Amino acid sequence: MPDVASATAEAEPPRATPPPRVAELAGGVGGAKLAQGLQALLGDRLTVVVNTGDDLERHGLAIWPDHDTVMYTLAGLDDRERGWGIRDETWTAMDQLGRLGEETWFRLGDRDLATHIVRSARLAAGERPTDVARHLQRALGVAATILPMTDAPVRTEVRTDDGWLDFQTYFVGRQQQPTVHEVRFVGAAEAAPTPEVLASFDALRPTDAIVVAPSNPIVSVGPLLALDGLRSATAAARARGVPVIAVSGIVGGRALKGPADRMLVSLGHESSALGVALLYADWVDAFVIDTVDADLAPAIEALGLRVVVTDTIMTDDAARSRLAGDVLRAI
């Protein structure tokens, strides 16, 4: 009589290995682009822990720039030409605010305003920022999970020749023109990662990964690392064998978007992929650089990092998925 158990085992197809779980540390545009590529490959196995140091209040509303850039991108609503906000936006409310004498240097489109109105009303009713964020994401059909790094207020400020400026005044109001001499994260010492953020890290295993987006290392990744709880959660994951893979946002010595290159130099760092690797070397395992920076690979490897050289320019959906695949192959 045949061995039924053996026959059944032989008949069963091999079980597919599930894709890895990834926790991405992200700022705005660069983080959103890589997150879109990762979401295309991982779906709901992706968690994006997003910087909240850029958050602000305008016209009585709570504005979360980095969270919303990631959310709109993962929902397929992002404006590719401007690089922020919602595609095919209208500006009737902002124009009317200007007529009423309000400052309008921080532009908010009509559909974008709806997000801020819903958010602000729910926060005023006592909901946690994380719960509000998850409500908005579910309403827009985002497959991945986007988590604010903390529910406590943290605000990035930069010191210029004009004194201390809140980040959005520097970034949008002054169009990144002042030289930055110092950066601080107000409230970070008292803030802690949310239980959801910590749980997303605790769930990671050696076949998974923490991915650091090609975001500004000073004012996008910096606020995340300013939370002691997030640093210790990263260290604990690494101790379990979870790799940390960072993607350089500096290509050929320049930032693809924003002031990261000028900020690195004014704060005493090198504006290069090597300069970013030096900032990350004590807590990252692998470093992804662009092909134009391939000659920097030996110097980065000398820091103890594995180096992946590939095309990191995310010009379209296919390029975002391709880079995401290269990152995942580094696990």
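The values are calculated or read from the model by the stated rules, or taken from the named source; none is laboratory data. Bear in mind that the values here come from a model prediction, so they are computed numbers and not experimental data. Using ideal geometry, Cβ is built from the backbone for each residue, glycine included, and neighbour counts are taken over all protein chains shown. For accessibility, only protein heavy atoms count, side chains too; no ligands or nucleic acids. Shrake-Rupley method; radii C 1.70, N 1.55, O 1.52, S 1.80 Å.
Here are some notes:
Residue-by-condition table, conditions (1) farther than 22 Å from G31 by Cα; (2) not in a helix (DSSP H, G or I):
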{"residue": "Y72", "(1), (2)": "no, no"}
{"residue": "R80", "(1), (2)": "no, yes"}
{"residue": "W84", "(1), (2)": "no, yes"}
{"residue": "D95", "(1), (2)": "yes, no"}
{"residue": "G101", "(1), (2)": "yes, yes"}
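- Exactly one residue out of A277, A237, A281 is under 22 Å from A144 (Cβ atoms) and more than 15 Å from the chain's Cα centre (by Cα): that is A237.
- Restricting the first member to segment 242-260 and to residues that are more than 24 Å from I331 (Cβ to Cβ), and the second to residues that are open to solvent by less than 20 Å² (accessible area, probe 1.4 Å) and of a type in the set (D, E), the beta-carbon pairs closer than 9 Å and six or more apart or on different chains are G252/D290; G252/D293; G253/D261; G253/D293; R254/D261; A255/D261.
- Filter result for R155 (over 27 Å from A35 (Cβ atoms) and either open to solvent by 50 Å² or more (accessible area, probe 1.4 Å) or not acidic (D, E) (or both)): no
- The lone exception for V132 - which of (1) part of a loop (DSSP other than H, G, I, E, B); (2) crowded, with 18+ Cβ neighbours inside 10 Å; (3) β-branched (V, I, T) it fails: (1)
- T315 meets all of the listed conditions (1) farther than 24 Å from D202 by Cα; (2) under 18 Å from the mean Cα position of the chain (by Cα); (3) outside any loop (DSSP other than H, G, I, E, B) but one, namely (3).
- Only one of the numbered conditions (1) under 22 Å from the mean Cα position of the chain (by Cα); (2) closer than 21 Å to G253 by Cα; (3) open to solvent by less than 70 Å² (accessible area, probe 1.4 Å) is not met by S321, and that is (2).
- Residue match in segment 177-184 (condition: more than 29 Å from R128 (Cα to Cα) and open to solvent by less than 40 Å² (accessible area, probe 1.4 Å)): yes
- For segment 96-129, the set of residues classified as farther than 23 Å from Y72 by Cα and surrounded by 11 or more Cβ atoms within 10 Å (Cβ to Cβ) consists of Q96, L97, G98, E102, listed by residue number.
- If you go through segment 43-54 and keep only what is buried (at least 22 other Cβ atoms within 10 Å of the Cβ), not charged (D, E, K, R) and not in a strand (DSSP E or B), you end up with N51, T52, G53.
- Hey, D295 of a type outside the set (S, T, N, Q), surrounded by fewer than 16 Cβ atoms within 10 Å (Cβ to Cβ) and part of a loop (DSSP other than H, G, I, E, B) or not: no
- Residues in segment 216-227 include at least one that is open to solvent by 10 Å² or more (accessible area, probe 1.4 Å) and assigned to a helix (DSSP H, G or I).
- For segment 120-128, the condition holds for at least one residue, the condition being that it is touching a strand residue (DSSP E or B) at 6+ places or on another chain (Cβ under 8 Å) and in a helix (DSSP H, G or I).
- Evaluation of I331 against the conditions (1) open to solvent by 10 Å² or more (accessible area, probe 1.4 Å); (2) part of a helix (DSSP H, G or I); (3) β-branched (V, I, T) shows that the sole unmet condition is (2).
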